[in-house]
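Here is the structure we will look at, set down as structure tokens.
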Amino acid sequence: MALITSTSNIKLYPISSTILSIKSKYNISTTKKILVSKYAQNGRKRTTIYSASAADNAPIPKLESRSSSHRIWWSKVEVKKPKKIFTRRKWSALDIGTLSMVIMMHGLAMFAPFVYNWGAFWVAVGLYFVTGLLGICLSFHRQLSHKSFKLPKWVEYFFAYCGVLALQGNPIDWVSTHRYHHQFCDSEKDPHSPFEGFWFSHMTWLFDTEAIVDRCGEPKNIGDLESQTFYRFIKNTYLLHPLALGLILYAFGGFPYLVWGMGVRSVWVYHITWLVNSACHVWGNQAWNTRDLSTNNWWVALLSFGEGWHNNHHAFEYSARHGLEWWQVDMTWYTIALLQALGLAKDVKLPTEAHRHRMAFKNVCKG
């Protein structure tokens with residue numbers, strides 16, 4: 001499993017003592033040449049050659065290859081096992097369909113500069129709030145995945161339907177994957193950890209649906225949603241709903257509305273959602289001892305309606321509020337608080353002082 005490393009925490013040994021220990025372990029004497037590499041304190045690799053008897057059929061120690069490992073830019077996260085998504089595996093129909101949809105939306109968005117008008121632009125902005133804030137952040141994530149609050153069923157289903165129009169999958173599959181992410185966060189079973197590469201955690205994990213089943217097993221963590229007719233119906237008819245939205249946009253505003261309302265808006269919400277999985281496990285700071293890579297990242301939080309306060313979220317998964325400090329802007333929380341004031345949101349969960357105390361870093365050295 002991959003680890004976070006830095007040059008300061010690599011345990012260094014003298015070159016000579018390393019060689020002697022290998023000689024002793026494998027009873028090597030003098031004829032055959034063996035190369036032993038070790039990293040010196042200045043970060044450069046030094047190579048020492050010593051001799052061994054060809055008659056000694058001792059095994060040559062296998063030194064760990066660093067050719068495929070690398071550190072993600074401007075971070076301490078080291079990718080130890082890069083995941084190869086596009087080669088050496090069998091593609092399922094679902095994988096091909098998912099990749100095709102993502103490519104199609106990016107391709108559609110490329111027409112944006114050529115068909116721009118203010119009406120199309122504001123349609124995209126409006127749908128960004130409807131599908132991103134109300135659909136993905138408030139409904140799919142904080143209510144359905146973590147049960148941070150309760151809504152009347154008609155309100156719950158309306159917001160969930162907004163999430164369906166974000167083109168990120170149906171609620172049942174989305175919630176199942178996210179719950180597995182928290183259950184196995186930044187381990188070998190995590191569906192999208194940056195330990196397997198930044199772009200894997202950002203988006204390419206989406207194109208290998210069988211990997212999630214291989215790691216986590218068949219989805220058995222969404223019985224609460226599967227028991228409801230509405231969510232089963234949405235799963236069985238999923239693609240029809242974004243398609244209907246596209247037809248409506250085209251009917252009202254022609255190709256510009258389709259490009260901006262579907263292409264630009266979908267790609268924008270895609271990458272903002274994906275940045276929570278990637279950037280918020282690579283860059284930022286940790287306020288709580290969550291024992292994973294989750295970070296608070298202010299610029300992702302601004303783009304994602306508060307989802308970027310990700311270390312807060314991993315510390316208190318059940319909390320309806322992610323921006324726990326007054327200055328941590330959290331548009332999704334403000335919306336939930338408004339629904340609570342209107343008498344719609346009930347059983348709104350927030351971190352207790354006792355839980356905050358348990359999650360706080362102990363014995364922090366101040367320099």
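The values are calculated or read from the model by the stated rules, or taken from the named source; none is laboratory data. Nothing here was measured: the structure is a model prediction, and the numbers come from that model. Heads up, the Cβs are rebuilt from the backbone with ideal geometry, glycines too, and the neighbour counts pull from every protein chain shown. Quick note on the areas: whole protein, heavy atoms, side chains included, nothing else; ligands and nucleic acids left out. Shrake-Rupley method; radii C 1.70, N 1.55, O 1.52, S 1.80 Å.
Residues in region 238-256 that are under 30 Å from the mean Cα position of the chain (by Cα) and part of a helix (DSSP H, G or I): Leu240, His241, Pro242, Leu243, Ala244, Leu245, Gly246.
For region 248-275, the candidate set comprises residues that are among the β-branched types (Val, Ile, Thr) and within 10 Å of Ala112 (Cβ to Cβ); within that set, the residue that is surrounded by the fewest Cβ atoms within 10 Å (Cβ to Cβ) is Val267. Among residues of region 212-245 being among the aromatic types (Phe, Trp, Tyr) and within 26 Å of Phe184 (Cβ to Cβ), the one that is surrounded by the most Cβ atoms within 10 Å (Cβ to Cβ) is Tyr231.
Selection of region 207-230 for residues being more than 26 Å from Tyr161 (Cα to Cα) and in contact with a Phe, Trp or Tyr (Cβ under 8 Å, 6 or more places away or on another chain) yields Ala211, Arg215, Cys216. For region 280-294, the criterion of being under 23 Å from the mean Cα position of the chain (by Cα), part of a helix (DSSP H, G or I) and at pLDDT 95 or above is met by at least one residue.
Residues in region 284-309 that are open to solvent by 20 Å² or more (accessible area, probe 1.4 Å) and farther than 19 Å from Phe361 by Cα: Trp298, Trp299, Leu302, Leu303. Selection over region 99-109 of residues that are free of Cβ contacts under 8 Å to residues at least 60 places away in the same chain and surrounded by 12 or more Cβ atoms within 10 Å (Cβ to Cβ) gives a count of 1. So, Thr335, is that one surrounded by fewer than 24 Cβ atoms within 10 Å (Cβ to Cβ), over 16 Å from the mean Cα position of the chain (by Cα) and closer than 21 Å to Tyr128 by Cβ or not? Yes, satisfied.
Scoring Thr209 on the criteria (1) touching an Asp or Glu at 6+ places or on another chain (Cβ under 7 Å); (2) modelled with pLDDT under 95; (3) surrounded by fewer than 16 Cβ atoms within 10 Å (Cβ to Cβ) leaves a single failure, condition (3). For the condition in contact (Cβ under 8 Å) with a residue 12 or more places away in the chain, on the phi < 0 side of the Ramachandran plot and under 17 Å from the mean Cα position of the chain (by Cα), Asp186 does not qualify. Go through the residues of region 315-329 one by one and say whether even a single one is assigned to a helix (DSSP H, G or I) and open to solvent by 80 Å² or more (accessible area, probe 1.4 Å). No, region 315-329 has no match at all.
Of the residues in region 154-174, how many are in a helix (DSSP H, G or I), in contact (Cβ under 8 Å) with a residue 24 or more places away in the chain and either open to solvent by 20 Å² or more (accessible area, probe 1.4 Å) or within 22 Å of Trp268 (Cβ to Cβ) (or both)? Number of matching residues: 10.
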